[in-house]
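Reading through the structure tokens given below for one structure.
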Amino acid sequence: MANDYTVKDINLAAYGRKELNIAETEMPGLMSLREEYGTEKPLKGARIVGSLHMTIQTAVLIETLVDLGADVRWASCNIFSTQDHAAAAIAEAGVPVFAIKGQTLEEHWDYLDKSFMFPEGCNMILDDGGDATLYVLLGARAEAGEDIIPVPTSEEEEVIKKQIAKRMKESPGWFTKTRDAIKGVSEETTTGVHRLYELQRNGQLPFPAINVNDSVTKSKFDNKYGCKESLVDGIRRATDTMMAGKVAVVMGYGDVGKGSAASLRGAGARVKVTEIDPICALQAAMDGFEVVRLEDVVDTADIFITTTGNKDVIRIEHMREMKDMAIVGNIGHFDNEIQVAALKNHKWTNIKEQVDMIEMPNGNRLILLSEGRLLNLGNATGHPSFVMSASFTNQVLAQMELWNNTDAYKNDVYILPKHLDEKVARLHLDRIGVKLSTLDPEQAAYIGVKPEGPFKPEHYRY
Ligand code: NAI
């Protein structure tokens, strides 16, 4: 189909292609999968719907899936995260992509719907945050006359319902048919994985899922080292504020929180952490961060970053207490970590794209980044290619596994086996000059492993 895409400007394709070519040099995992499987085409017949930030790095992922034989259609999983030149390059290469930086919520769900429209129907999902999976499952429930399961924000719920109603009217039975045709989903992030386990617990997961997030080479790298680079990048591009000497509060000290706190500390900020989990709180303290309650620092800190994947972490009563020109942002998956909706009736001044100044009733102003959506992708360009290569190599392996060994999986959530996790890491060593030591057979026997791995038991936590 000609022009089967929605991008901001197709003329950005040449620029996108140049950056894509550079990214390839930083994504050794994906490039070696192309080398290993490019001829065999293990994804032949797979029709993959991707719902994941349409960035340059994702473009390299898409072209890897295509190189391995898949048909792919793509939407972004966030309204602010698309890099328009990346989308243009992918569209020009002939992959249908529907993503524009700054698209509305209505467009977001319409574009997701469009990404499902393979002439022969889709049979695989590659998800980030679970929107693509949610869309099909909610629609199928609606077709069965059942209640729909909760969605992230009420504002979004209305939009999703409308989009589902539209699809049901245009193609009766489409959701159920699509749900039944899907062989599996691979899920990128912590929040999406939570949703999948919840579906599994409730017996509502209709196809197998691979939790890519909990590959060690994903969450212990992308969530941590990725945010370590991209959080401060986002704050700087948005505000140009001096970070050294400022007091920053990071809410949550999981993988993203650890990377975020390190990012701010690296920029010279004095960082405090809030946690609800005693283990993570103790980790933060022993990493040298003061662990505090938000209430106790809300009127003295300069920068507030949520990293929890939870909701209502920064509430309106907190924002009312903040200093004039405090910076507020979120790097967790959904925008409900900050009660942005409660600010809607305040005076907003747009400073530039994804940066707003909001006047509070006491006259203090807040700088809100990306309307509370993940700021490292909204205000900057997300994580660097190298770390995304590790994440996306897991994604491709998960797609290959689900597509080729469908019958080996029940409708449960799985994690890739450790030997593949180690393989992903191994593929990234040469690029940064890592020289790995090897075990001799006696040493291997002594610690109870094979010389070629896996090197750790399942319970090992890294
Ligand atoms: P995690 O589960 O490792 O960490 C979240 C931490 O927040 C936990 O330690 C939890 O105890 C804590 N927490 C929960 N509620 C809290 C509250 N009310 N106050 C203080 N702490 C609280 O999850 P992870 O992997 O760090 O992911 C966090 C979020 O970031 C998820 O939504 C995930 O999808 C997203 N994410 C975003 C990325 C990005 O590039 N922006 C990259 C990877 C993940």
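State yes or no: is residue 300 out of contact with any helix residue (DSSP H, G or I) (no Cβ under 9 Å at 6 or more places or on another chain), hydroxyl-bearing (Ser, Thr, Tyr) and open to solvent by 40 Å² or more (accessible area, probe 1.4 Å)? Please lay out each step first, then the result.
Numbers: out of contact with any helix residue (DSSP H, G or I) (no Cβ under 9 Å at 6 or more places or on another chain): yes; hydroxyl-bearing (Ser, Thr, Tyr): yes; open to solvent by 40 Å² or more (accessible area, probe 1.4 Å): yes.
Against the criterion (out of contact with any helix residue (DSSP H, G or I) (no Cβ under 9 Å at 6 or more places or on another chain), hydroxyl-bearing (Ser, Thr, Tyr) and open to solvent by 40 Å² or more (accessible area, probe 1.4 Å)), residue 300 qualifies.
Please verify whether residue 226 is of a type in the set (Gly, Ala, Ser), away from the ligand (no atom under 11 Å from the Cβ) and in contact (Cβ under 8 Å) with a residue 12 or more places away in the chain, treating the condition exactly as stated. When the stated conditions are applied, residue 226 does not pass them.
Could you list, ordered by first residue, the pairs with Cβ atoms under 6 Å in which the first is in the range 278-292 and closer than 14 Å to residue 249 by Cβ and the second is part of a helix (DSSP H, G or I), at least 6 apart or interchain? The qualifying pairs are 289/261; 291/281; 291/284; 291/285. Being surrounded by fewer than 24 Cβ atoms within 10 Å (Cβ to Cβ), of a type outside the set (A, V, I, L, M) and touching a strand residue (DSSP E or B) at 6+ places or on another chain (Cβ under 8 Å) is a property that residue 412 has. For the range 230-246, a residue qualifies if it is more than 10 Å from the ligand (Cβ to nearest atom) and touching a helix residue (DSSP H, G or I) at 6+ places or on another chain (Cβ under 8 Å), and the qualifying residues are 232, 233, 235, 238, 241, 243. Scanning the range 224-237 for residues that are closer than 15 Å to residue 252 by Cβ and open to solvent by less than 10 Å² (accessible area, probe 1.4 Å), which turns out nearest to the chain's Cα centre (by Cα)? That would be 227.
What are the residues in the range 167-196 that are of a type in the set (D, E, K, R), more than 15 Å from the ligand (Cβ to nearest atom), more than 24 Å from residue 404 (Cα to Cα) and open to solvent by 40 Å² or more (accessible area, probe 1.4 Å), if any? Spell out how you get there, then give the answer.
Within the range 167-196, the first condition is being of a type in the set (D, E, K, R), and the residues that meet it are 167, 169-170, 177, 179-180, 183, 187-188, 195.
Now drop any that are not more than 15 Å from the ligand (Cβ to nearest atom), which leaves 167, 169-170, 177, 179-180, 183.
If we keep only those that are more than 24 Å from residue 404 (Cα to Cα) too, we end up with 167, 169-170.
Once the filter is applied, which keeps residues that are of a type in the set (D, E, K, R), more than 15 Å from the ligand (Cβ to nearest atom), more than 24 Å from residue 404 (Cα to Cα) and open to solvent by 40 Å² or more (accessible area, probe 1.4 Å), the range 167-196 yields 169, 170.
Applying the set (1) outside any helix (DSSP H, G or I); (2) open to solvent by 40 Å² or more (accessible area, probe 1.4 Å) to residue 4 leaves exactly one unmet item: (2). Taken as a whole, the structure places residue 313 among residues that are closer than 22 Å to residue 356 by Cα, surrounded by fewer than 23 Cβ atoms within 10 Å (Cβ to Cβ) and touching a residue at least 60 places away in the same chain (Cβ under 8 Å). Annotation: of all residues in the range 305-323 being in a loop (DSSP other than H, G, I, E, B) and among the basic types (Lys, Arg), the one that is nearest to the ligand (Cβ to nearest atom) is 311.
Which pairs have Cβ atoms under 9 Å, sit 6 or more apart or on different chains, and link a residue in the range 232-259 that is over 25 Å from residue 387 (Cα atoms) to one that is among the hydroxyl-bearing types (Ser, Thr, Tyr) and surrounded by fewer than 18 Cβ atoms within 10 Å (Cβ to Cβ)? These pairs meet every condition: 247/300.
Just so you know, in the range 267-297 the residues that are open to solvent by less than 70 Å² (accessible area, probe 1.4 Å) and among the β-branched types (Val, Ile, Thr) include one that is farthest from residue 365 (Cα to Cα), and it is 291.
Consider the range 7-36. How many of its residues are part of a helix (DSSP H, G or I), out of contact with any Asp or Glu (no Cβ under 9 Å at 6 or more places or on another chain) and open to solvent by less than 40 Å² (accessible area, probe 1.4 Å)? Number satisfying all stated conditions: 3.
The values are calculated or read from the model by the stated rules, or taken from the named source; none is laboratory data. Keep in mind it's a predicted model, so treat the numbers as computed, not measured. Using ideal geometry, Cβ is built from the backbone for each residue, glycine included, and neighbour counts are taken over all protein chains shown. Please note that ligands, DNA and RNA were not included when accessible areas were found on the heavy atoms of the full protein model with its side chains. Shrake-Rupley method; radii C 1.70, N 1.55, O 1.52, S 1.80 Å.
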